[in-house]
Amino acid sequence: MSTQKTDPASYPRAEVSPPSGHLFPHKHLLGIWNLDPTAIKHLLDVAEGYVDLNRQASKSTETCSGLTQINLFFENSTRTLMSFEIAGKRLGLDTISMSTGTSSIKKGETMLDTAATLNAMHPDVLVVRHGDSGAVKLLSEKMDCAVINAGDGRAEHPTQALLDALTIQRRKGSIHGQTIVISGDVAHSRVARSNIYLLNAMGARVRLVAPPTLLPADVDLLGVEVFHHMEQGLEGADVVMMLRLQNERMQGAFLPSLREYYQFWGLTREKLKAASDDVLVMHPGPMNRGVEIASDVADDLDRSAIEEQVEMGVAVRMACIDVLTRDLRKEAAQ
Ligand code: ASP
């Protein structure tokens, strides 16, 4: 089993700019790929504080007041966009969201021209989702402000992996030593890739459970165990993360039929018996019930952490915005 990390889909190393000595020595959050355990732990620690704040009646702080956040989404989103908006607002930023349907992107403006236009408005945080792997990194090079990757193609979705990590840490006490299954359409999933990097960095044992057609070409380099049989892969698992079939990223036929897929790869109560008794079931959403997961498993309050993942998403995104704007706020206060 190799633990060598690969550069996903020509996804270059993120810029490391602030001085050393910082717990999070990065200007942007473009992926998990280049984060060390200290940086990951720091974001999770900060997020913990925001979980408490978010459960109070009064949820707002002035931490980032006066700063501007733009959410630029070239792909659809429910959870990620809403939680970035809520996160920014709770921290006191002026938060504006722009999606492709309502912008000049529809009129043919290139992504980089859009970036230049937004840059001229002096935002302090830009949150970007794009369908192409590496697009957010490219855009970050044109921006003066902190850029957060909210999902790029099949490359990375770092805040999803962080919110998953926070969920596991809170439910299981730690990530280290847990046996974590990631199952389904791994090949097209940025969620899977970011999770593999993060869980490996934090000392979990990662298993991929999927048909060979739904595994990425570089699977041997990811430092994971691979199973092509659901019950075998689930044996003794502490956590199971199910993935959606990403039809929008598939070119050609990867599966015989959805019925057959559910039969072999859908997470049912029966299959889950192979996992440990206190197994935690997770899904990044949106879920396709009856395809990759049975409804009674998704809705089982004792085992499913799916709603908690959404809750952790707000706290994690607040932590990312907070940490990435710290130097800026310090400068402004001087
Ligand atoms: N919401 C996640 C993403 O944007 C997972 C999914 O779409 O299936 O990648």
*Tell me, please, whether a residue that is surrounded by 16 or more Cβ atoms within 10 Å (Cβ to Cβ), within 16 Å of the ligand (Cβ to nearest atom) and modelled with pLDDT under 85 can be found in the stretch 23-38.*
no
*Output the helices (runs of 4 or more DSSP H) that fall wholly within the stretch 158-237 and possess 1 or more residues being at pLDDT 95 or above, within 16 Å of the chain's Cα centre (by Cα) and surrounded by fewer than 23 Cβ atoms within 10 Å (Cβ to Cβ), or say none.*
158-172, 190-201
_Every residue from the stretch 44-79 that is of a type in the set (Gly, Ala, Ser), out of contact with any Gly (no Cβ under 7 Å at 6 or more places or on another chain) and assigned to a loop (DSSP other than H, G, I, E, B)_ = ALA57, SER58, GLY66, SER77
*Among the numbered criteria (1) within 16 Å of the ligand (Cβ to nearest atom); (2) among the polar types (S, T, N, Q); (3) surrounded by fewer than 17 Cβ atoms within 10 Å (Cβ to Cβ), which single criterion is violated by THR61?*
(1)
_Test set (1) within 19 Å of VAL181 (Cβ to Cβ); (2) among the polar types (S, T, N, Q); (3) at pLDDT 95 or above - GLN246 fails condition number_ = (3)
*Here is a list of conditions, (1) within 16 Å of the ligand (Cβ to nearest atom); (2) free of Cβ contacts under 8 Å to residues at least 24 places away in the same chain, and THR159 meets all of them except one; can you say which number that is?*
(2)
_Pull out all pairs, ordered by first then second residue, where Cβ-Cβ is under 6 Å, the residues are six or more apart or on different chains, the first lies in the stretch 68-80 and is over 19 Å from ILE321 (Cα atoms), and the second is among the β-branched types (Val, Ile, Thr) and more than 9 Å from the ligand (Cβ to nearest atom)._
PHE74/THR100
*asked:* Quick check on the stretch 167-225: of everything there that is in contact with a His (Cβ under 7 Å, 6 or more places away or on another chain) and within 16 Å of the ligand (Cβ to nearest atom), which residue is nearest to MET242 (Cα to Cα)?
replied: VAL191
*asked:* Are there helices (runs of 4 or more DSSP H) fully within the stretch 238-334 with at least 3 residues that are under 26 Å from THR213 (Cα atoms) and within 16 Å of the ligand (Cβ to nearest atom)? List them.
replied: 258-265
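The values are calculated or read from the model by the stated rules, or taken from the named source; none is laboratory data. What you see is a predicted model; the values in this text were computed from it and never measured. Neighbour counts run over all protein chains shown; Cβ positions are idealised from the backbone, glycine included.
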